[in-house]
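Everything below concerns the one structure shown next.
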Amino acid sequence: MRRLVVTGGCGFIGSHLVRHLLAAHPQAEVVNLDLLTYAGNPENLADCAGNPRYKFVRGDVADPAALDQTLEGGADAVLHLAAESHVDRSIHDPGPFLRTNVLGTETVLRAVLRHAVPKLVLVSTDEVYGSVPEPARAAEDAPLRPGNPYSASKAAGDLLALAHRNTHGTPVVITRGSNTYGPFQFPEKVLPLFLTNAEAGQSLPLYGDGGNVRDWMHVEDHARGIAAALERGRPGEVYNIGGGNERTNLEMTRAILRLLGKPESLVRLVPDRPGHDRRYAMDTAKARRDLGFEPRVPFEKGLEETARWYRENRAWWERVKTGAYRDYYEKQYGDRLRAAGPTAARR
Ligand code: NAD
Ligand code: TYD
């Protein structure tokens, strides 16, 4: 590989993927196209800034000119991760989700065709299958039943990509990853939110009864899965990439509290997220068989290392949790925590 273009490389998974690609392809230049929205943070790639093979372009994936400029130098592949990624924000305002995840993905698909890029990996999510009742698991051909605006916008991106493949022969491969955790995750997602709140002695707002199930995958495993799809994925195919660590949110919360030595009294059961999907669970046999992908990081070890990272990088998340983050926090949790009882006001 000579030149790889990543979109959304200043985000959580994208920053790990950029690092992974620079190491795995020692001859390749890795170009990162990112708009730097609230979730994009150049600090996530501070260690790559001096690498002559790493290049950053600030731009919007929904802007064809930004893609033309980025792809002018040619590319062996585009790895498309740029997205609005948080379910709760999509409930407040779906507009940016439709723009970036639907229109942006369509714009990337057309640019890949225009520039005859030989491969596009579209990074999608297990959430497109919607809630999967026990004991079923969604395989790649399961119906798409997205349950919130975020997952609906991701499902629309997947469908556009498959339609593009059918209509134009666009060489797109789709990965559907499960809930991901690890260093540099924006502290709006549950795991870094709870780790940082617990560190600061603040409440952990657990939605509903805490019984919702997610399958946790370490971010380095997710990056390896995306890289495996780049190398071995067949155009037009979808691959489920999972961590194999299904936990209820309550189990995950208790594991965090045990690790940090914090009391359960920090947990607040708060009014549920509307339309909250009960369980995500995928059948991942196809990725094992066709991509040779197996997650490697055991959940307990990954969680312990992640907890240590947030403890040792307090300055990173304290900077992130300022300004607009505080407004978001009040909008999302103010009433919920007040509804959970008088002690819930401690934030
Ligand atoms: P993130 O929110 O941490 O980062 C998103 C990045 O995209 C940011 O750097 C942001 O600046 C950039 N971006 C947003 N809109 C853009 C635009 N219009 N143009 C260019 N850049 C833009 O997201 P993440 O958690 O790293 O997720 C990355 C991808 O993986 C997303 O497509 C998401 O749907 C998918 N995914 C995430 C998870 C998870 O658990 N986090 C699981 C499965 C799939
Ligand atoms: P989240 O990290 O938002 O990921 P997703 O909704 O994409 O799975 O949430 C993971 C789980 O944690 C989900 O079941 C919702 C729950 N959750 C809480 O209980 N409290 C919170 O404050 C957040 C953000 C999530």
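The values are calculated or read from the model by the stated rules, or taken from the named source; none is laboratory data. Small disclaimer: the values here were computed from a predicted structure and weren't measured. When we count neighbours, we look across all protein chains shown, and the Cβ atoms used for this are built from the backbone with ideal geometry, even at glycine.
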Inspect all residues belonging to segment 54-64 and state whether any of them is closer than 19 Å to residue 120 by Cα, in contact with a Ser or Thr (Cβ under 7 Å, 6 or more places away or on another chain), part of a helix (DSSP H, G or I) and away from ligand 2 (no atom under 16 Å from the Cβ). yes
Here the residues within segment 108-138 that are surrounded by fewer than 20 Cβ atoms within 10 Å (Cβ to Cβ) and closer than 21 Å to residue 3 by Cβ are 110, 113, 114, 115, 116, 118
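Yes/no per residue for (1) under 20 Å from residue 181 (Cβ atoms); (2) more than 15 Å from ligand 1 (Cβ to nearest atom):
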{"residue": "10", "(1), (2)": "yes, no"}
{"residue": "13", "(1), (2)": "yes, no"}
{"residue": "18", "(1), (2)": "yes, no"}
{"residue": "24", "(1), (2)": "no, yes"}
{"residue": "30", "(1), (2)": "no, no"}
{"residue": "39", "(1), (2)": "yes, no"}
{"residue": "42", "(1), (2)": "no, no"}
{"residue": "48", "(1), (2)": "no, no"}
{"residue": "57", "(1), (2)": "no, no"}
Residues of segment 98-132 being under 18 Å from residue 180 (Cβ atoms) and touching a helix residue (DSSP H, G or I) at 6+ places or on another chain (Cβ under 7 Å), in sequence order, are 101, 121, 122, 123, 124, 125, 127, 128
message: Just to be sure before I move on: is residue 194 among the hydrophobic types (A, V, I, L, M, F, W, C), within 13 Å of the chain's Cα centre (by Cα) and within 15 Å of ligand 1 (Cβ to nearest atom) in the structure I sent?
response: no
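Okay, residues lined up against (1) touching a residue at least 60 places away in the same chain (Cβ under 8 Å); (2) touching a strand residue (DSSP E or B) at 6+ places or on another chain (Cβ under 9 Å):
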site	(1), (2)
246	no, yes
260	yes, no
272	yes, yes
280	yes, yes
299	yes, yes
_Based on this model, can you work out whether residue 262 counts as within 14 Å of ligand 1 (Cβ to nearest atom) and surrounded by fewer than 22 Cβ atoms within 10 Å (Cβ to Cβ)?_
no
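Grab the helices (runs of 4 or more DSSP H) fully contained in segment 82-168, keeping just those with 2 or more residues being within 16 Å of ligand 2 (Cβ to nearest atom) and not small (Gly, Ala, Ser).
In segment 82-168, 87-92, 149-168 are the helices (runs of 4 or more DSSP H) which contain 2 or more residues that are within 16 Å of ligand 2 (Cβ to nearest atom) and not small (Gly, Ala, Ser).
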So, first residue outside the structural domain of residue 36 (by TED's automatic domain parsing) and more than 16 Å from residue 91 (Cβ to Cβ) in segment 320-339, second residue among the polar types (S, T, N, Q) and surrounded by 12 or more Cβ atoms within 10 Å (Cβ to Cβ), Cβ within less than 8 Å, six or more apart or across chains; the pairs are 320/41; 321/196; 337/203
The lone condition residue 188 fails out of (1) within 30 Å of residue 1 (Cα to Cα); (2) crowded, with 20+ Cβ neighbours inside 10 Å is (1)
